[in-house]
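Below is one structure, written out as structure tokens; comments come after it.
The values are calculated or read from the model by the stated rules, or taken from the named source; none is laboratory data. From a predicted model like this one, the values you see are computed outputs, not experimental measurements. With ideal geometry, Cβ positions are generated from the backbone for all residues, glycine too; neighbour counts draw on all protein chains shown. Only protein heavy atoms, including side chains, enter the accessible area calculation; ligands, DNA and RNA are left aside. Shrake-Rupley method; radii C 1.70, N 1.55, O 1.52, S 1.80 Å.
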Amino acid sequence: MAEENIFLFVPNLIGYARIALALVAFFLMPCCPVPAVFCYLLSALLDAFDGHAARALNQGTKFGAMLDMLTDRCATMCLLVNLALLYPSYTFIFQLSMSLDIASHWLHLHSSMMKGSTSHKAIDLSGNPILRLYYTSRPVLFVMCMGNELFFCLLYVLYYIEEPAAWLLWLLGVCAVVCLLKSGISLLHLVTASRNMAAIDMADREKERTKSK
């Protein structure tokens, strides 16, 4: 039987395509807002397809979960860096958003992996009900993630539009609410993951004390 190449699994190939699209978007952001946003949102949209491929082909891997999470976090961070340049008065808010997003997801992924999960999206059904709904309901997860990304993309695009249409401003308002909700979920991620890590530490310390007796 031929040895499997994890790096060539279909979900991971989709992940590489997401990275390529994100890099193109970052390169175009200083000069070409429309193609930049198109590439960025397409990269974000493909996030749904790599998960489907992993489940359908039984190709879920720890590497794929890490690649997926890092691509999401780095893409959002780079967009927020650009927004900080366009809206310098709101730099501190963008910095807080970046810090919360990266810290909460990293700690959540790390604690999930230490508990034996293959993905940060594999949630203990006995855990927090909000996180359970967030990760087990695909429509909720999709709306929250895309609404959050669309909010930042709209901020970026509207910078270049002198008189935006009313529907764009309305959409921005709706996405702003989604963004705030997702920030709240990120904060909940941080608290829950911190408690999980503390519980793992306590269990490890108890094992050490048992061995020393």
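So here's what we get for this one:
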read-out: Global geometry of region 173-213, whether rounded, prolate or oblate, following the gyration tensor of its Cα atoms and the 1.5 cut on a/c; value: prolate
read-out: Between helix 91-114 and the chain: long-axis angle, C-alpha atoms, 0 to 90°, nearest 10; value: 30 degrees
read-out: Region 27-108 shape via C-alpha gyration tensor axes, a/c threshold 1.5; value: oblate
read-out: Estimated distance in nm for a label pair at F7 and I19, the labels positioned 7 Å out from Cα along Cα-to-Cβ; value: 1.0 nm
read-out: Label-point gap, in nm, between M77 and K207 - each point 7 angstrom along Cα→Cβ; value: 3.0 nm
read-out: Sequence-distant aspartates and glutamates (8 or more away, or on other chains) whose Cα lies within less than 20 Å of K182; value: D47, D68, D72, D101, D124, E149
read-out: Accessible solvent surface per residue of region 32-90, calculated while the other protein chains remain in place, 1.4 angstrom probe, Å²; value: 49 Å²
read-out: Residues whose placed amide H lies under 5 Å from that of Y87, excluding near-sequence neighbours; value: none
read-out: Cα centroid of region 19-84 to Cα centroid of region 166-195, whole Å; value: 18 Å
read-out: Angle in degrees between helix 138-158 and the longest Cα principal axis of the chain, rounded to the nearest 10; value: 40 degrees
read-out: Longest DSSP-loop-exposure-free segment, GluC sites (Glu not before Pro), the chain, at most 12 other Cβ within 10 Å; value: 5-161
read-out: Å³ per residue enclosed by the Cα convex hull of the chain; value: 152 Å³
read-out: Rounded accessible area of H110 (nearest 10 Å², 1.4 Å probe); value: 70 Å²
read-out: At R0 = 22 Å, FRET efficiency that the Cβ-Cβ distance of A199 and R132 yields, to 0.05; value: 0.80
read-out: Exposed-site-free run, longest, the chain (rule: chymotrypsin sites (Phe, Trp or Tyr not before Pro); DSSP loop; at most 16 other C-beta within 10 Å); value: 1-158
